[in-house]
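FYI, it's all coordinate maths here, none of it is from the lab. Quantities reported herein were computed from a predicted structural model and do not represent experimental measurements. Because the Cβ atoms are built from the backbone with ideal geometry, glycine has one as well, and the counts that use them run over all protein chains shown.
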Amino acid sequence: MIERKVSVMVVGAGPAGIAAATKAAQLGLETVLVENRDILGGIPLQCVHPGFGLHYFKEDMTGCEFIHRLIDRMHRAGVETIVNAYVHSIEFYSQLEKNVNVVTQSGILRINTKTVIYTAGARERHLFELNVHGDRIDGIYTAGEAQTIMDLYGVLPGKDVVIIGSGDVGLIMARRFALEGANVKAVIEIMPYPGGLLRNIVQCLKDFNIPLYLGHAVTEIIGSKRVEAVKVAKVDEDQRPIRSTEFEITCDTVVIAAGLVPNIDLLEKIGVAVDPRTKGPIVNEYLETSIPGIFAAGNALVVNDLVDYAAEQGEIAADGAKIYIENCGIPTRNWTRIKPGRNLRFVVPHYVSRERDVVLYARVQKPERNVYLSIANFKAKMLSLRPAEMIRIKIPFNRILEDNHRVISVEVVPYE
Amino acid sequence: MKKYRVVIVGAGIIGVSIARVLSMYENFDVSIAEMEPDVGWGISKANTSIIHPCHEEDPERYPLRARLCREGNSIWMEWVKELDILARWPGELMVFHSSEEEREARKYISFAIKNNVPGVQVIYRDELQSYEPTINPDAEGALYAPTAGMISPFEAVIAIAENAIENGVKLIVDTRVSNVKITNHSVVGVDTNRGSIDADIIINAAGLYADHVSHMAGVARSFYIKPRRGEYIVFDEGVDIKPKKILHTTPTPTTKGVYAITTVHGNLMIGPTAEDLPVDARESRTTTENGLSYLLKEGGRILNRVPPPSKIIRRFAGLRPEPPQGEWLIEVYTDPFGFVNVAGIRSPGLTAAPAIANYVLKLMIKKYDITLVKKASWVRHRKSINRIRELSLERLDELIRKNPSYGKIICHCRTVSEAEILEAIDRIIKIGVKPTVDGVKFRTTAGFGKCQGSFCRWRIALLISRKLDIPLHSVVIKRSPYGLGDVKLLLRSRMVNKT
Amino acid sequence: MNSSEIISGAKEELICIICPIGCSLEVYRDSDDIHVKGALCPKGIEYAKQEFLDPRRVVMTVVRVKNGDLPVVSVKTSVPVLKKCINDIMMITASIEVVAPVEIGQVIARDICGANIVATREVKKINNCD
Ligand SMILES: Cc1cc2nc3c(=O)[nH]c(=O)nc-3n(C[C@H](O)[C@H](O)[C@H](O)COP(=O)(O)OP(=O)(O)OC[C@H]3O[C@@H](n4cnc5c(N)ncnc54)[C@H](O)[C@@H]3O)c2cc1C
Ligand SMILES: Cc1cc2nc3c(=O)[nH]c(=O)nc-3n(C[C@H](O)[C@H](O)[C@H](O)COP(=O)(O)OP(=O)(O)OC[C@H]3O[C@@H](n4cnc5c(N)ncnc54)[C@H](O)[C@@H]3O)c2cc1C
Ligand code: SF4
């Protein structure tokens, strides 16, 4: 067993982890970044489409280009990285002592670290989480899997495709299949509104005349050796399929793009408190979890539609690690709990000190226009909010200072 | 000594167990013909996995079933050690909620006495929690049977097949028996989709299709198998409800018991349902909405709490081969000479499999007047693939130093290394099977975890493609290839069509 | 199948994608001018006219690679191309194969529909002796 001592251990080299490690190194902390795959980069590696980096680099790049630039910058900052390194377990000993056990091809690496920044990303929801009945046959892919085999390994999964889920991932995959000459028969969305950006509705579906079924669900998959058809039905307000409306679409391929879930098994094992709304850890404004010195960022914290925010969270966590190490723990504050109020699905972070400005990330439950986002005395005008687009907003601390409650709620309120 | 050429039809738990038993002797030259691409993809793959104590078998109505079940329970304790099969022996509790149910449960005490099942007793509510903390506190009591165990059924088939093949048995997959050839009242061979195979003895262990095969030989013409579907739900390993013991409801005349167990792989599993299907629906392994809600409800009767449906990571269904009157058809025929039926092996067939194999051999010796000659070199033991998941970090560290490929993790959810996957591929090839992603999955449990393969399926496929030196798109997942071709296939064909 | 649930590619009705409001725009041409209805701001009018007269897209896909550590390399058009050229570009990417190594930014094909096709990923050369 090889033992090492560092100040910051970053788990997972996607955009959040790379940004966190870069920032931590720039802050003068001894940092090591480990990645399970044989290559750094995470999800953007498999993304050949543009739409990355508009906020972060003020430039529209493809996923591959974005991550290339991010990695270049990290190397210049002098971060040590280890690939083919799987974080097996985290052990908490004390404020400034945690052990992270890493499986590598040269043996077990035991890293003794003061802080951990956990950026292991998210996993895709799969068939069995969708209440789809029927046969468990070949021809069913998750979107990320389809994307990986097409765009990294040059494999065409199928030719008549039905996509479950109209989030950006589903829309982008619809276009990818259509571009390569496949017949994308339908995108099926259980909600009454599309889950992705308008830009993607236009450029991924309308451009290719791909039908979008809103308020519909795939209820059953049919086939013997490979998918032959899916059954689709309208759903009622509670998202239950209405059987009388059921119809079949023949296809040989089903792509599941039904969202992501933070991949936090390792954190759950050491007892990190989890927010049932985000399915990620509960954190304070430094993105520190309920276990001291363990920070979370990126999709492992909250599923981000924009890579820019994932990277930003990595940097916030690195700042947090610095403060943590300097003070032997995040200094105790009179924490105020932030709760999602009217028309908000979640708000992250969960606790704020109200002693410094804080970036809030939130998502609405339903699309709504002409509203304010309101928290204590702070109000921001928003012309249109949609669940597809995560809200990111910086709140000046003096605007939430007066409210003296232990819990303050963030709400979406219509214009008077 | 006459050497009999034996063809076993079907590589399920019954077929491979018989093959293993026959492989101990010089008298037999055994082949197994299996229509699926791998072993154990029939009934033996999807069941509750219980090694029953046998207090539920009525010794008057089903004397053979009761006897072989009881014997099988003991033999498995040996076989799982010899063959390194994942197994646990936690005992079971048949939970009752009312005095009628209690009466039904108590009936099995008398069966236990007659079947010689040790340790069966009733436990009442005040003590139940100390036997099983996850049990529903409303339960009045439970019938405890300490000799109940469970195994990984698909690994059991694989382990037995590997051992039998090491001892000289030949496995021929992708081979469907379509006809039994008979000359002068004796079997002479079988026809298959891949040509015919000569044989002196044909053993029908064809599971759901055993009636068809029996009819091919012209025997038991009124014997028909009815499929009865059983659905299951499997929860994420991380849920906090993990019964230590095997729990199940008390069967009633109309409903069969539903089980709630922690599988040998560590997941809470609830099932099965029982749904009679039309006689020809023998591939109907569809899961249904009703099945799901029934299992959640029944699970709630057994457990103090059922985890939310959002924690379900997999649903599947198996088909029971229901014979007429529930009677197993185990018979060695003299007309046609050489034909053997081991048909309609419904539950507790998994439990009884090793005992059935011994019993079939005994019948054959008697009917065909065989004098057994033991093989001098018969190999009793088989090692399972090294599982790093079960190792301490120290042991893993040593292993990686010997073979760095154990240090490369392919399946995150279940911590399966590249070395395990490569070994599984090797072993698949060694028994004469074409590697598939599903074949690897059943040998390593890679892809069994909460992501259900979305992280690891393509990596496993890549390893297979490299090993076999074939393009990634032609790697078979279960029954069909991963992709249609390279990503430009459709556009190129358009080009051709234009010119 | 109910066609009202389908968002189809009608020419005169557009969704503005410039900002998250997503105004529904109606564009039509009469004898001498192009008219846009439904826009809340001038950017929408601009967008609608552009989409109506000269819709353009960046096309991204992959191209096969010989002797690379990956069998394909991701590529995009250097500038947005006319929507009607998308198919031609795709056909060209289907007919070419490049040889590794490929550098990020490397031009794979020149001057197609007014754009170059450039690599957006690096693909290393592998030694073909193992
Ligand atoms: C299909 C798709 C399209 C997208 N399109 C866009 C877009 O157009 N524009 C945009 O801005 N954003 C887009 N996004 C979102 C963006 O990609 C994500 O927000 C971002 O990648 C999240 O970064 P991350 O670092 O949190 O996670 P990831 O990128 O998932 O990285 C996590 C890393 O952790 C590693 N890891 C996990 N577990 C372990 C372990 N135990 N040990 C070691 N390493 C581990 C993983 O291998 C992985 O490399 C898209 C996402 C998807 C899925
Ligand atoms: C839902 C369910 C739950 C159960 N639970 C338990 C339990 O907990 N404990 C227990 O002891 N038992 C249980 N059983 C019973 C047990 O699973 C079966 O008795 C046992 O698996 C039967 O094995 P088999 O080898 O006869 O059948 P199979 O496993 O089906 O094997 C037969 C093989 O023959 C092949 N085949 C068929 N026709 C042909 C042909 N013409 N040519 C070539 N090959 C052919 C098939 O492909 C198959 O692989 C359960 C069964 C079910 C369905
Ligand atoms: S027209 Fe103006 S306000 Fe309306 S969506 Fe376009 S940019 Fe936004």
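Check the straight Cα-Cα distances from A:K339 and name the lysines below 26 Å, setting aside those fewer than 8 residues away within the same chain.
A:K269, A:K279, A:K366, A:K379, A:K381, A:K394, B:K311
Can you give the angle from 0 to 90° between the axis of helix C:42-53 and the longest principal axis of chain C, with both taken from C-alpha atoms, to the nearest 10?
Helix C:42-53 sits roughly 70 degrees off the main axis of chain C.
Nearest-5 percent of antiparallel DSSP beta bridges in the protein assembly as shown? Please list the in-between numbers first.
Numbers: 134 of 201 bridges.
Antiparallel: roughly 65 percent of the beta bridges in the protein assembly as shown.
So which cysteines of chain B have no other cysteine's Cβ under 4.7 Å from theirs?
Those would be B:C413, B:C451, since no other cysteine Cβ in chain B comes under 4.7 Å of theirs.
Say R0 is 60 Å: what FRET efficiency, to the nearest 0.05, do B:L393 and B:D191 get from their beta-carbon distance? Spell out each step's value before the answer.
On the way: r = 55 Å, r/R0 = 0.92.
Efficiency at R0 = 60 Å is approximately 0.60.
Considering only DSSP states other than H, G, I, E and B, which GluC sites (Glu not before Pro) in the stretch A:163-239 qualify as loop sites with at most 14 other Cβ atoms within 10 Å? Mind showing how you got there, number by number?
Details: sites: A:E180, A:E189, A:E220, A:E228, A:E237; in loops: A:E180, A:E237.
In loop regions of the stretch A:163-239 (DSSP not H, G, I, E or B), the sparsely surrounded GluC sites (Glu not before Pro) are A:E237.
With unit charges on the beta carbon (Lys/Arg positive, Asp/Glu negative), name the residue among A:I163, B:V373, B:P324 whose Cα is farthest towards the positive pole of the charge dipole of the protein assembly as shown.
B:V373
Would you please name the trypsin sites (Lys or Arg not before Pro) within the stretch B:157-229 that are DSSP coil residues with at most 10 other C-beta atoms within 10 Å of their C-beta? Don't skip to the end; give the middle numbers.
Values: sites: B:K170, B:R176, B:K181, B:R194, B:R221, B:R228, B:R229; in loops: B:R176, B:R194, B:R221.
Here the trypsin sites (Lys or Arg not before Pro) that fit, given the DSSP loop and packing criteria, are B:R221.
Would you kindly compute the Cα radius of gyration of the protein assembly as shown and its largest Cα-Cα separation (Dmax), both in Å?
31.3, 104
Considering only DSSP beta bridges where both residues belong to the stretch C:60-119, give the percentage that are antiparallel (nearest 5).
On the way: 11 of 14 bridges.
Once the DSSP bridges in the stretch C:60-119 are tallied, antiparallel ones form about 80 percent.
Please enumerate, by chain and number, the lysines with C-alpha under 26 Å from the C-alpha of C:K125, excluding those fewer than 8 residues away in the same chain.
Candidates past the 8-residue exclusion: B:K408, B:K467, B:K488, C:K66, C:K76.
Would chain A count as rounded, prolate or oblate if I go by the C-alpha gyration tensor, calling it rounded below 1.5 in a/c and otherwise prolate when a/b exceeds b/c, oblate otherwise? The partial results should precede the final answer.
Numbers: a/c = 1.94, a/b = 1.32, b/c = 1.47.
Oblate.
What does the charge count near B:V332 come to, summing +1 for each Lys or Arg and -1 for each Asp or Glu among other residues with Cβ under 10 Å from its Cβ?
Values: positive: B:K362, B:K366, B:K367; negative: B:E331.
Here the charged neighbours net out to +2.
Quick one: helix A:168-179 against the long Cα principal axis of chain A, what's the angle to the nearest 10°, folded into 0 to 90?
Once rounded, the angle reads 50 degrees.
Rounded to the nearest 0.05, what FRET efficiency do A:S374 and A:R333 have when you use their Cβ-Cβ distance and R0 = 30 Å?
On the way: r = 23 Å, r/R0 = 0.77.
That gives a FRET efficiency of 0.85.
Is the shape of the stretch A:126-258 best called rounded, prolate or oblate, per the rule: a/c under 1.5 gives rounded, else a/b larger than b/c gives prolate, else oblate, with a ≥ b ≥ c the square roots of the Cα gyration tensor eigenvalues? Could the numbers behind the result be given before it?
Values: a/c = 1.74, a/b = 1.15, b/c = 1.51.
Oblate.
How many nm is it between the label spots at B:K107 and A:N209, if each spot is 7 Å from the Cα in line with the beta carbon?
6.5
Helix C:86-95: angle to the longest alpha-carbon principal axis of chain C, degrees 0 to 90, nearest 10?
10
Distance in nm between label sites at A:R76 and B:Y124, each 7 Å beyond Cα in the beta-carbon direction?
Placing both labels 7 Å beyond Cα along the Cβ direction yields 7.9 nm.
Based on C-alpha coordinates, I'd like the Rg and Dmax of chain B, in Å.
Answer for chain B, Rg first and Dmax second: 23.5, 83 Å.
As a test of understanding, state the convex hull volume per residue of the stretch B:267-327 from its alpha carbons, in Å³. Intermediate results must be reported in sequence, preceding the final value.
Working: hull volume 7.0 nm³, N = 61.
Per-residue hull volume (Cα only) is 115 Å³.
Compute the signed sum of charges (Lys and Arg +1, Asp and Glu -1) over the other residues within less than 12 Å, Cβ to Cβ, of C:I96. Spell out each step's value before the answer.
On the way: positive: B:K488, B:R492, C:R64, C:K66, C:R110; negative: C:E97.
In short, +4.
Highest first, please rank the peptides B:28-39, A:360-371, A:165-176 by the mean number of other Cβ atoms sitting within 10 Å of their residues.
Per-residue Cβ counts within 10 Å, averaged per peptide and sorted highest first, yield A:165-176, B:28-39, A:360-371.
Please work out whether the stretch C:11-54 counts as rounded, prolate or oblate from its C-alpha gyration tensor, where a ≥ b ≥ c are the square roots of the eigenvalues and a/c under 1.5 means rounded, while otherwise a/b larger than b/c means prolate and anything else oblate?
prolate
Exactly which GluC sites (Glu not before Pro) in the stretch B:36-83 are in a DSSP loop and have at most 11 other Cβ atoms within 10 Å?
On the way: sites: B:E56, B:E57, B:E60, B:E71, B:E78, B:E82; in loops: B:E56, B:E57, B:E60.
Qualifying residues, ordered by number: B:E60.
Evaluate E = 1/(1 + (r/R0)^6) for C:D111 and A:I39, where r is the Cβ-Cβ distance and R0 equals 35 Å; express this FRET efficiency to the nearest 0.05. Mind dumping the intermediate values first?
Values: r = 33 Å, r/R0 = 0.94.
Given R0 = 35 Å and the Cβ-Cβ separation, E is 0.60.
Just need the Rg to Rh number for the stretch A:335-416, please, alpha carbons only, Kirkwood Rh.
On the way: Rg = 11.8 Å, Rh = 12.6 Å.
Here Rg/Rh amounts to 0.94.
State, to one decimal in nm, how far the label point of A:N183 lies from the label point of B:W378, with both points 7 Å from Cα in the Cβ direction.
Placing both labels 7 Å along Cα→Cβ, they lie 5.9 nm apart.
If each residue of separation counts as 0.36 nm, what is the full-extension length gain between C:K84 and C:I18 once their alpha-carbon separation is subtracted?
On the way: separation 66, 0.36 × 66 = 23.76 nm, distance 2.15 nm.
Residue separation times 0.36 nm, minus the Cα-Cα distance, leaves 21.6 nm.
How high is the relative contact order of chain B? Use alpha-carbon pairs under 8 Å, at least six apart in sequence, and give a whole percent. Don't jump to the answer; show the numbers that get you there.
On the way: 1082 pairs, mean separation 92.3, N = 499.
RCO, chain B: 19 percent.
Quick check: net charge around A:G14, other residues with Cβ under 11 Å of its Cβ, Lys/Arg +1 and Asp/Glu -1?
Working: positive: A:R37; negative: A:E35.
Cβ neighbours under 11 Å give a net charge of 0.
If a paramagnetic tag sat 7 Å from the Cα of A:E91 along the Cα-Cβ line, which residues of the stretch B:383-406 would have the backbone N under 16 Å from that point?
Residues B:391-398 qualify, since their backbone N sits under 16 Å from the label point.
Counting DSSP beta bridges with both partners in chain B, what percentage is antiparallel, nearest 5?
Working: 53 of 75 bridges.
Close to 70 percent.
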